[in-house]
Amino acid sequence: MIVIINARIYYHPEIRIAGQDTVNTDVLKELRGLKSALDNNADLEMQKIYPEGYLFINALYGLAWCNFIREHPGAEFFNEGLAEIQKTWNKINAPLGRAPFDQDMALPYGAFYTGWSTYLLGEKLTVEPDEQRDENELIIFRQRCKLIAAALADNVYPASYHGGVWPADVVVCAASLALHDKLLSPEYGDLIKDWIFNVKSNLDTRGLIPHSINSLTRQPLDAARGSSMGLMLIFMREIDRAFGERQFQIYKSTFHSSFLGLSAIREYAKDENHQGDVDSGPVIFKIGSAATIVGMQTFALYGNDEMGIK
């Protein structure tokens, strides 16, 4: 274990230089590995073990391609990335992608489906050259943003399922509106400010966004957790950076820990001790597996190197 940990600490990814561009080939290999797995129905297998597995793996895969090709617009794999993003969007926007979710909700299909599908579509449109954008997809993006805006104006945390409310899902919805205003004409700035004001008025006892909300009282049901808080902070930078910075400082003091001398993120606050669940993944010695993986990106985005990456 010590040898493996040290190897991981000092390992540097292979970097290929193409013209003026540098490419992390390890990321490209990972993306192509996921491409092969998804071509062999990995998303259907994920759905068997995770309630939103089909949608989530496709959305994260598509967004990973968006982030990667954005850095390399002239690379030979740029069109490969566009094709993979289109493929994931087509899957998510199809009946199979919507199947686990209920259309008959205040926000049709709920906050999880609408947030992730809309955000992926917005990112897809962002990385595509203007002349390649599909007008019908632009219409869908605008329509879904209007639905999100109406839902957020009525309720700070629209439900993902009947009786199930998770702020992390709604933060992705709000990020979709912020993305709309960067990509197209600014329309939702005032609504986002009002929404943030309402979020600030409904924090847990530590001053963090809760993990879940009581659908009847609209009060915090579960206090903030490492996995969902780390994820929300990534999107919060696009919504309200100042608020995100303040939340990050509390998150860092509440969840940042260490394991075998390495930085890690707890799933639960330092004065709590619970078991893992479907949201957290395995929790080992109080360290959250999903919380730590997500936390690496969170710490990097907020300019902190405690997690060992920059």
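The values are calculated or read from the model by the stated rules, or taken from the named source; none is laboratory data. Everything quoted here is computed from the prediction, not taken from an experiment. Every residue, glycine as well, gets a Cβ built from its backbone with ideal geometry; the counts of neighbours run over all protein chains shown. For accessibility, only protein heavy atoms count, side chains too; no ligands or nucleic acids. Shrake-Rupley method; radii C 1.70, N 1.55, O 1.52, S 1.80 Å.
Brief remarks on what is shown
- Considering residues of segment 257-270 that are part of a loop (DSSP other than H, G, I, E, B) and at pLDDT below 75 only, the residue most open to solvent (accessible area, probe 1.4 Å): LEU260
- Where ALA64 falls short, out of the listed (1) open to solvent by 50 Å² or more (accessible area, probe 1.4 Å); (2) of a type outside the set (S, T, N, Q); (3) under 24 Å from MET236 (Cβ atoms); (4) modelled with pLDDT of 95 or more: (1)
- Within the set ASP279, ASP240, the sole residue that is closer than 18 Å to VAL171 by Cβ and either open to solvent by 50 Å² or more (accessible area, probe 1.4 Å) or modelled with pLDDT under 90 (or both) turns out to be ASP279.
- For segment 71-82, filtering for residues that are in a helix (DSSP H, G or I) and either farther than 16 Å from LEU121 by Cβ or modelled with pLDDT under 95 (or both) leaves 3.
- Matching residues, segment 206-221, being within 11 Å of GLN247 (Cα to Cα) and over 22 Å from the mean Cα position of the chain (by Cα): ARG206
- Test: residue in segment 103-122 that is touching a Leu at 6+ places or on another chain (Cβ under 9 Å), assigned to a helix (DSSP H, G or I) and open to solvent by 20 Å² or more (accessible area, probe 1.4 Å): no
- Unmet requirement for ALA153, which otherwise passes all of (1) touching a residue at least 40 places away in the same chain (Cβ under 8 Å); (2) open to solvent by less than 60 Å² (accessible area, probe 1.4 Å); (3) of a type outside the set (Ser, Thr, Tyr): (2)
- Residues of segment 37-51 satisfying the condition of being more than 18 Å from GLY62 (Cα to Cα) and touching a residue at least 40 places away in the same chain (Cβ under 8 Å): TYR50, PRO51
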